[in-house]
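Step one of this worksheet: look at the structure below.
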Amino acid sequence: MDIPKPANAGTKLLLAARDVIRRKGYSATSVDELCATAGVTKGAFFHHFASKEALAVAAANDWSTTTSALFAGASYHHHANPLDRVLAYLDFRASLIDGPVEGFTCLVGTMVQEAFVASPAIRDACDASISGHAATLEADIAAALAQHGVAGMSAQSLALHTQAVLQGAFILAKARNGPELARQSIAHLKHYFRLLFRAPPNEVPS
């Protein structure tokens, strides 16, 4: 039986950045706190990352890799109908909204709100993550638009709109310190899709 090796300092710091920044925000997170959370020395930090900004960029990239694997393996891909896949994707997103707010909100959405002017590198990494995830929805949305004869919008713009609503839902969750408004926002987004595609509720998964 293979025994997993302990995570190295770099991996521990990526995990610490994911958790602490989602809880406190990028600006309020210090290198000392990241080291303490990861259980590594400051020397180890600077061995792996030149700065807090460099760790943030790496954390955004790691977030993209980790979440991509989660969504790639999700069951919403199994629906035969493209609109069913899109709506089941929204159901899947709603199912992830549980527990403490910092546990279900988005690392890259949190960071870009603070750093979009101060750090172009963080902004670009966050954009790549959010836009890259939106792009995974484009094929299904394009197929649904064609199947239902919906004109006047692009699959890319509609995919990005889903992410705008989700990121806004996370802001509302933070403002109220709870998940309910975030879940309601996703429910409203599902209703919008049903209206857009003229699909009654009994034609799509709940």
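The values are calculated or read from the model by the stated rules, or taken from the named source; none is laboratory data. On a predicted model such as this, the values are computed, not experimentally measured, just so you know. These accessible areas exclude ligands, DNA and RNA; they are computed on the full protein's heavy atoms, side chains included. Shrake-Rupley method; radii C 1.70, N 1.55, O 1.52, S 1.80 Å.
Going by alpha carbons, how many degrees (0 to 90, nearest 10) lie between the helix axis of 9-24 and the longest principal axis of the chain?
Here the helix axis deviates by roughly 60 degrees.
Quick one: pull the percent of accessible area on region 1-118 belonging to carbon and sulfur, 1.4 Å probe, ligands and nucleic acids left out. Display every interim value, and only then the final one.
Details: 3470 of 6040 Å².
Accessible surface attributable to carbon and sulfur in region 1-118 totals 57 percent.
Taking the chain as the region of interest, what is the percent of Cα-Cα pairs per 10 angstrom bin, listed from the shortest bin to the one with the maximum distance?
All Cα pairs considered, the percentages come to 8, 31, 32, 19, 8, 2.
Per residue, how much accessible surface does the chain expose to a 1.4 Å probe? Answer in Å², no decimals.
Working: 10550 Å² over 206 residues.
On a per-residue basis, 51 Å².
Using θ = phi - 60° and the Karplus relation 6.51 cos²θ - 1.76 cosθ + 1.60, list the HN-Hα couplings for region 70-86 in order, rounded to whole Hz, with x at every Gly or Pro.
4, 6, 5, x, 6, 6, 5, 5, 7, 5, 6, 8, x, 5, 4, 5, 5
Show that you can apply the helix-only estimate: for the chain, add -39,500 (n - 2.57) for every DSSP H stretch of four or more residues, divide by all residues, and state [θ] at 222 nm to the nearest 500. Provide the component values of the computation, followed by the final result.
On the way: 11 runs with 145 residues, N = 206.
My calculation for the chain gives -22500 deg cm²/dmol from helical runs alone.
To the nearest 10 square angstrom, what accessible area does Asp19 show with a 1.4 Å probe?
Its accessible surface works out to 60 Å², give or take rounding.
How big is region 110-195 in terms of Cα radius of gyration and Dmax, in angstroms?
That works out to 14.8, 44 Å for Rg and Dmax.
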